[in-house]
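Participant: Questions regarding the structure given below will be posed in turn.
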Amino acid sequence: MSSKIVTVEAAVAKIADDAVVTVSSSSGLGCPDKVLQAIGERFDKEGHPRNLTTIHPIAAGDMYGIKGIDHIAKDGLLSTIIAGSYPSGPSSLPMPDIWQMLVDNRVAAYNVPSGILFDMHRDVAARRPGVMTQVGLDTFVDPIRQGCAMNDVAAGKPIVTRIELGGETWLHFPNIVPDVAIIRATTSDELGNLTYEHEGAYLGGLEQAIAVRNHGGLVIAQVKRVTASGSLRPHDVRVPGHLVDLVVVDPDQRQTTETDYDPAISGEIMRPWSSFSLAEHGIEKVVARRAAMELSRGQTANLGFGISAMVPRVLLEAGQEQAVTWAIEQGATGGMPLTGFAFGCASNADAYMPSPQQFTYFQGGGFDVSFLSFLEIDLEGNVNVSKLGKKPYLTAGCGGFVDITANAGKIVFSGLFEAGADLDLTDEGLTVKSPGKFTKMVDEVEHVTFSGRRARELGQEVLYVTERCVIQLTDSGLLATEIMPGIDAQRDIVDASAGRVRLANDLKEMPKALLRREAMELHL
């Protein structure tokens, strides 16, 4: 049998006009950047391939050196994008090309929860009649709101409908059959068998390859290196060669953004717990400390981006780094979830789950508690993390947020009460020296990423932890049940939120230990 190893130019030459292309990636983690770059370069030279539809369960590329989707964000090349998340970053950086296309309505753009996108691949592969799910009901995913559409051109081409079945309401995502899969691994043998020994996650490459193979399409794998056929241990092969058509080699592919290779990320070594940095002292650490108080020893906890990502470091500082098992959507289970550019990876993990299986676990609510962040909260308890009209690329979209919150028994959202407030933090209390530019507590959120109404229907326990107070979602709205020492309840909570947050009659004071520089004793 001849080798499947080809040049990147030869591989992308096989991609036809009007193809549906599914791409495995999570920002810089596992991104087949060389192949995406070659598609863009081929289009610049030949004007082909044209009118591609691309599917990204998690974002491809970022704003920090791995372009990913921006390589193909070109008029004529890209016509439709269906993504769980998009490249995001600070307003100090230029808007990514894909976001500019989205804002200008030059591409039909959708934001579909990552878990649902993986479900779509599995249902396509098995030739089932599309995804039937209650994930996303009463959020922006639901056709009663935006139906996943991110701009006007997408709104005119719906990809999800509401249906009634068995006396219940469901969302139906009809099949979208991919013609091409672009996946990434570490090593390929000459027959296309793929292993992932240097990767920080498996993501969903296997499901994407099966979906394409079962419909006679083209599977392209980007790898770091090639070995002789027959030299790979069968148990290590995550995508077998009969599912792979072509293999492209990029010896310089990075493990994550700004990380060439860290053996602790792929589980080759275990780092001493003392080698992990602690969270920097400040307002966000105070919030993360209070969030951590919601944990119990032996629990399994999901973790999201933002302030919530600091919670494991709070446990580390308290000497309880292994008291709970962390589970993140890219698949790592246990260990220490990483922050910064390596977010989505973990060191000292117990296991690496493929993302599709991790999302099945999340969607069914099998974990104990989820720690997530918020951009804004409204009177209904709805949370927005997925859309900011004035600066759209400050958020990545929903990612796995909707899948995770759909059936979670308990959710702890963390964030700051106001944007840009001048706060004075001492060991004795927190003082608001001057109010922020605007409150995060609004009448109606811009985008409903989490539905407070549905949470109440399902009986979910929902807390919002801020630097000023802990807020509980009740049937009558947002109720502050705890207050930070030094905060003026009327001025800094009720008045600052224009009355949207009420005060509990038995309002309690949070412990001053949250505020201090020394390690906080944490009783789980």
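The values are calculated or read from the model by the stated rules, or taken from the named source; none is laboratory data. Just so it is clear, the model here is predicted, and its values are computed rather than measured. All Cβ positions, even for glycine, are placed from backbone atoms using ideal geometry, and neighbour counts span all protein chains on display. To get the accessible areas, we keep the full protein, side chains included, count just its heavy atoms, and leave off ligands, DNA and RNA. Shrake-Rupley method; radii C 1.70, N 1.55, O 1.52, S 1.80 Å.
Participant: Checking Ser88 against (1) under 18 Å from Pro113 (Cα atoms); (2) touching a Lys or Arg at 6+ places or on another chain (Cβ under 7 Å), which test does it fail?
Facilitator: (2)
Participant: Residues to consider are Lys440, Lys512; find the one that is more than 30 Å from Gly365 (Cα to Cα) and of a type outside the set (A, V, I, L, M).
Facilitator: Lys512
Participant: Is there a residue in the stretch 435-443 that is among the hydroxyl-bearing types (Ser, Thr, Tyr), in a loop (DSSP other than H, G, I, E, B) and over 20 Å from the mean Cα position of the chain (by Cα)? Working first, answer last.
Facilitator: In the first step, residues of the stretch 435-443 are kept if they are among the hydroxyl-bearing types (Ser, Thr, Tyr); the result is 439.
Restricting the remaining residues to those that are in a loop (DSSP other than H, G, I, E, B) gives none.
Checking the stretch 435-443: not a single residue is among the hydroxyl-bearing types (Ser, Thr, Tyr), in a loop (DSSP other than H, G, I, E, B) and over 20 Å from the mean Cα position of the chain (by Cα).
Participant: Ok, one more. Could you grab me the full set of residues in the stretch 1-23 that are in a loop (DSSP other than H, G, I, E, B) and at pLDDT 95 or above?
Facilitator: Lys4, Val6, Thr7, Ala13, Lys14, Ile15, Ala16, Asp17, Asp18, Ala19
Participant: Taking into account only those residues within the stretch 419-434 that are open to solvent by 50 Å² or more (accessible area, probe 1.4 Å) and outside any strand (DSSP E or B), which is nearest to Asn384 (Cα to Cα)?
Facilitator: Only one residue fits best here, namely Gly420.
Participant: Given Leu416, Leu522, which one is aliphatic (A, V, I, L, M) and either open to solvent by 50 Å² or more (accessible area, probe 1.4 Å) or at pLDDT 95 or above (or both)?
Facilitator: Leu416
Participant: Can you say whether Thr449 is open to solvent by 20 Å² or more (accessible area, probe 1.4 Å) and closer than 16 Å to Ile377 by Cβ, as far as the supplied structure shows?
Facilitator: Against the criterion (open to solvent by 20 Å² or more (accessible area, probe 1.4 Å) and closer than 16 Å to Ile377 by Cβ), Thr449 does not qualify.
Participant: I need the full set of residues from the stretch 144-197 which are of a type in the set (Phe, Trp, Tyr) and over 30 Å from Lys14 (Cα atoms), in order please.
Facilitator: Scanning the stretch 144-197 gives a single hit, Trp170.
Participant: Next question. On the basis of being open to solvent by less than 20 Å² (accessible area, probe 1.4 Å), more than 30 Å from Ala327 (Cβ to Cβ) and out of contact with any helix residue (DSSP H, G or I) (no Cβ under 8 Å at 6 or more places or on another chain), does Ser497 make the cut?
Facilitator: Yes, satisfied.
Participant: Also: Is the stretch 161-170 home to any residue that is open to solvent by 10 Å² or more (accessible area, probe 1.4 Å), part of a helix (DSSP H, G or I) and touching a residue at least 12 places away in the same chain (Cβ under 8 Å)?
Facilitator: No: zero hits.
Participant: Additional query: Tally up the residues in the stretch 225-256 that are surrounded by 20 or more Cβ atoms within 10 Å (Cβ to Cβ) and more than 14 Å from Thr187 (Cα to Cα), please.
Facilitator: Counting residues in the stretch 225-256 that are surrounded by 20 or more Cβ atoms within 10 Å (Cβ to Cβ) and more than 14 Å from Thr187 (Cα to Cα) gives 3.
Participant: Given the residues Asp62, Asp44, Asp70, Asp75, which is the only one that is of a type outside the set (S, T, N, Q), under 25 Å from Thr395 (Cα atoms) and part of a helix (DSSP H, G or I)? Break it down into steps so the answer makes sense when it comes.
Facilitator: On the way: Asp62 fails: part of a helix (DSSP H, G or I); Asp44 fails: under 25 Å from Thr395 (Cα atoms); Asp75 fails: part of a helix (DSSP H, G or I).
When all the criteria are applied, what remains is Asp70.
Participant: Please find, within the stretch 378-401, the residue that is nearest to Glu268 (Cα to Cα) out of those that are surrounded by fewer than 24 Cβ atoms within 10 Å (Cβ to Cβ) and within 13 Å of the chain's Cα centre (by Cα).
Facilitator: Only one residue tops the list, namely Ala396.
Participant: Now, a different point. Looking for something surrounded by 24 or more Cβ atoms within 10 Å (Cβ to Cβ), under 19 Å from the mean Cα position of the chain (by Cα), closer than 22 Å to Ile176 by Cβ and at pLDDT 95 or above - is there at least one such residue anywhere in the stretch 32-47?
Facilitator: Yes: one or more hits.
Participant: Condition first: in contact (Cβ under 8 Å) with a residue 60 or more places away in the chain, in contact with a Leu (Cβ under 6 Å, 6 or more places away or on another chain) and crowded, with 20+ Cβ neighbours inside 10 Å. Can you find one or more residues in the stretch 326-343 that meet it?
Facilitator: Scanning the stretch 326-343 turns up no residue that is in contact (Cβ under 8 Å) with a residue 60 or more places away in the chain, in contact with a Leu (Cβ under 6 Å, 6 or more places away or on another chain) and crowded, with 20+ Cβ neighbours inside 10 Å.
Participant: Looking at the structure I just gave you, is Ala10 open to solvent by less than 60 Å² (accessible area, probe 1.4 Å), of a type in the set (A, V, I, L, M, F, W, C) and touching a Ser or Thr at 6+ places or on another chain (Cβ under 9 Å)?
Facilitator: In short, no.
Participant: Determine which member of the set Gln134, Gln146, Gln222 is open to solvent by 10 Å² or more (accessible area, probe 1.4 Å) and in contact with a strand residue (DSSP E or B) (Cβ under 7 Å, 6 or more places away or on another chain).
Facilitator: Just one listed residue meets the conditions, Gln134.
Participant: Taking Leu375 as meeting all but one of (1) of a type in the set (A, V, I, L, M, F, W, C); (2) within 22 Å of Leu473 (Cβ to Cβ); (3) open to solvent by less than 10 Å² (accessible area, probe 1.4 Å); (4) under 17 Å from the mean Cα position of the chain (by Cα), write down the number of the exception.
Facilitator: Looking at each condition in turn, Leu375 falls short on (3).
Participant: Need the failing condition index for Met310 against (1) farther than 23 Å from Met484 by Cβ; (2) open to solvent by 10 Å² or more (accessible area, probe 1.4 Å), just the number.
Facilitator: Status for Met310: all satisfied but (1).
Participant: Do we have any residue at all in the stretch 253-267 that's under 19 Å from Ala11 (Cβ atoms), in contact with a strand residue (DSSP E or B) (Cβ under 7 Å, 6 or more places away or on another chain) and either in a helix (DSSP H, G or I) or free of Cβ contacts under 8 Å to residues at least 60 places away in the same chain (or both)?
Facilitator: No, the stretch 253-267 contains no residue that is under 19 Å from Ala11 (Cβ atoms), in contact with a strand residue (DSSP E or B) (Cβ under 7 Å, 6 or more places away or on another chain) and either in a helix (DSSP H, G or I) or free of Cβ contacts under 8 Å to residues at least 60 places away in the same chain (or both).
Participant: Within the stretch 492-524, track down each residue that is of a type in the set (Gly, Ala, Ser), part of a loop (DSSP other than H, G, I, E, B) and within 30 Å of Ser476 (Cα to Cα).
Facilitator: Listed by number, the residues that qualify are Ala496, Ser497, Ala498, Gly499.
Participant: Follow-up question, since we're still on this one. All but one of (1) more than 23 Å from the chain's Cα centre (by Cα); (2) hydrophobic (A, V, I, L, M, F, W, C); (3) buried (at least 20 other Cβ atoms within 10 Å of the Cβ) hold for Ile265; state the number of the condition that does not hold.
Facilitator: Only one criterion is unmet by Ile265, namely (1).
One line per residue, one yes/no per condition, for (1) closer than 24 Å to Gly282 by Cβ; (2) under 25 Å from the mean Cα position of the chain (by Cα); (3) touching a residue at least 60 places away in the same chain (Cβ under 8 Å); (4) not in a helix (DSSP H, G or I):
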site	(1), (2), (3), (4)
Glu446	no, yes, yes, yes
Arg454	no, yes, yes, no
Leu463	yes, yes, yes, yes
Ala480	yes, no, no, yes
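Participant: Filtering the stretch 98-128 down to residues that are among the charged types (D, E, K, R) and under 24 Å from Lys74 (Cα atoms), which residue is most open to solvent (accessible area, probe 1.4 Å)?
Facilitator: Looking at residues that are among the charged types (D, E, K, R) and under 24 Å from Lys74 (Cα atoms), I get Arg106.
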